[in-house]
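Notes to accompany the following structure.
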Amino acid sequence: MVSSNFKNSYDTFLQYVMFVMMIAMATTVVIGVIFRWSGQALVWYDEVASVQLAWLTYYGSAYAALKGSHIGVPSILKSFPLGLRKILWVVSKFIIYGFFILLGYYGFKVLTLIQGETLVTLEWVPQIFVQSVIPIGSLLFMLSETLRLREDYADIMSDKKKETEVIMEEQS
């Protein structure tokens, strides 16, 4: 299936991006600690490490959404009757998409406002590059949510609690 192949490729892409980001951040932190310990603190270390952490957070949240391990709380939705559960599931998806559409929109607006600005310690790194993670992360999160719609719907509509009770009754 095409969407399954795309989802697997997207999953692999996010894993590689996060792996590279984690290695880069760990390297930055280790180098920063070594230089600080030697008495020759790097002026750019704090700013770069915090940017790397922010980027890792945005890409990591997109990956968590792809795995269904994000801010949703399906156990609360499953406590409602099936009819209400469907309505609340749709409402929750509208809220999630609405939030990330707004975040992406205003993240892009910020990019237009900070044109020409650079990092304080590394003047050759444009702020637009640094802050681009906000609209990009928003798009990635929405893509992850979209790729999981069927799974999320099936999961929220299944009644695992009742299935477990039936199995336990059959075993006794």
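Residues in segment 58-72 that are under 14 Å from Leu149 (Cβ atoms) and not in a loop (DSSP other than H, G, I, E, B) were compared, and the one that is nearest to the chain's Cα centre (by Cα) is Ala65.
Sort out which residues of segment 30-82 are among the small types (Gly, Ala, Ser) and over 24 Å from Leu14 (Cα atoms), and write them in order of number.
Answer for segment 30-82, where residues must be among the small types (Gly, Ala, Ser) and over 24 Å from Leu14 (Cα atoms): Gly32, Ser38, Gly39, Ala41, Ser75, Ser79.
Candidates are the residues of segment 78-109 that are without any contact (Cβ under 8 Å) to a residue 12 or more places away in the chain and small (Gly, Ala, Ser); the one that is nearest to Asp155 (Cα to Cα) is Ser79. Residues in segment 110-148 that are in a loop (DSSP other than H, G, I, E, B) and either without any contact (Cβ under 8 Å) to a residue 60 or more places away in the chain or buried (at least 16 other Cβ atoms within 10 Å of the Cβ) (or both): Ile114, Gln115, Gly116, Glu117, Leu119, Glu123, Trp124, Val125, Ser132, Arg148.
Residues that are loosely packed, with under 12 Cβ neighbours inside 10 Å and not β-branched (Val, Ile, Thr) were ranked within segment 83-104; the one that is farthest from Tyr58 (Cα to Cα) is Gly83. Among the residues making up segment 1-32, none is loosely packed, with under 10 Cβ neighbours inside 10 Å and in contact (Cβ under 8 Å) with a residue 40 or more places away in the chain.
Residues in segment 33-63 that are of a type in the set (A, V, I, L, M, F, W, C) and in contact (Cβ under 8 Å) with a residue 24 or more places away in the chain: Val43, Trp44, Val48, Ala49, Val51, Leu53, Ala54, Trp55, Leu56, Ala62. For Ser75, state whether it is touching a residue at least 60 places away in the same chain (Cβ under 8 Å), of a type in the set (S, T, N, Q) and assigned to a helix (DSSP H, G or I). Taking the combined requirement at face value, the residue does not satisfy it.
Annotation note: of Val90, Val110, Val133, the sole residue that is β-branched (Val, Ile, Thr) and modelled with pLDDT under 95 is Val90.
For segment 1-40, a residue qualifies if it is under 22 Å from the mean Cα position of the chain (by Cα) and over 25 Å from Thr57 (Cβ atoms), and the qualifying residues are Ser3, Ser4, Asn5.
The values are calculated or read from the model by the stated rules, or taken from the named source; none is laboratory data. This structure is a prediction, so every number in the text was calculated from the model and none was measured. Using ideal geometry, Cβ is built from the backbone for each residue, glycine included, and neighbour counts are taken over all protein chains shown.
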